[in-house]
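Working notes, beginning with the structure itself.
Read the figures in this text as sums done on the coordinates, not as results from a lab. The structure presented is a predicted model; accordingly, all values stated were derived computationally and were not measured. Cβ atoms come from the backbone with ideal geometry, glycine included; neighbour counts cover every protein chain shown.
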Amino acid sequence: MSNFESLSRDRFEVLNRLLSSSEILKAVAHNETNFLDLKEPDADSIVYNRIFPHRFIPKTSEEKKTYITISLGNFRPSGSSFKGGVVTFTVLTHQDLFRTDYGCLRVDYIIQKISELFNQTRGLGIGKAEFIDSDEVSLNTDYHGMYIKYKVVDFN
């Protein structure tokens, strides 16, 4: 039987790692195409407003925004002493906010920064986070984006 005592700790480790990136904070907080040239927002104002440590966005907003949701799931036994799971990041932005001054789309920029923070890095579980999947996603007619998934292994 799997022991999930580390689930909450892991979830907030993932969240804190996202919040440590000034580039990600600027990309989700500022709607302007030159978001990197703007002031870094306070991380506390981003959590539960633009970055959510769960897989859903609680309510819709009339304001155009960019969001990141975090999902931990798909846990499975991996031998007798370990469990494997998947961390999924979903990046969504209003279609009017896709364009940037940096030669890439806002969603692509954020996914790249998430990859730099998590792919083949330690700190979640006992091994390195391993990229397993990514694809585009559309929430509705206005919000579109991408998800990216990483496999992690932890003690039971």
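The table below gives the values:
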read-out	value
Order of THR141, THR60, THR66, THR90 - criterion: other Cβ atoms within 10 Å of each residue's Cβ, fewest first	THR141, THR60, THR90, THR66
Residues ILE110, ILE24, ILE70 arranged by fewest to most Cβ contacts within 10 Å	ILE70, ILE24, ILE110
Gain upon complete extension [TYR102, ASN49; 0.36 nm per residue less C-alpha separation]	16.6 nm
Calculated FRET efficiency for the pair LYS39/ARG9, C-beta based, R₀ 22 Å, to 0.05	0.10
Charged-residue dipole, Cβ positions (Lys, Arg, Asp, Glu), the chain about Cα centre, Debye nearest 20	500 debye
Fluctuation leader among GLY103, GLY73, GLY145 - the chain, Gaussian network, Cα springs under 10 angstrom	GLY103
Under 14 Å, Cα to Cα: Lys pairs in segment 7-155, sequence gap 8 or more or different chains	8
Solvent-free Debye scattering, log10 I(q)/I(0), computed from the Cα coordinates of the chain at q = 0.08, 0.10 Å⁻¹	-0.23, -0.36
Residues PHE98, PHE118, sorted so that the one with the fewest Cβ neighbours within 10 Å comes first	PHE98, PHE118
LYS59-ASN31 pseudo-label distance in nm [points 7 Å out on the Cα-to-Cβ vector]	1.8 nm
Dipole of segment 7-155, positive end: most advanced residue of MET146, THR88, SER21 [Cβ charges, Cα centre]	THR88
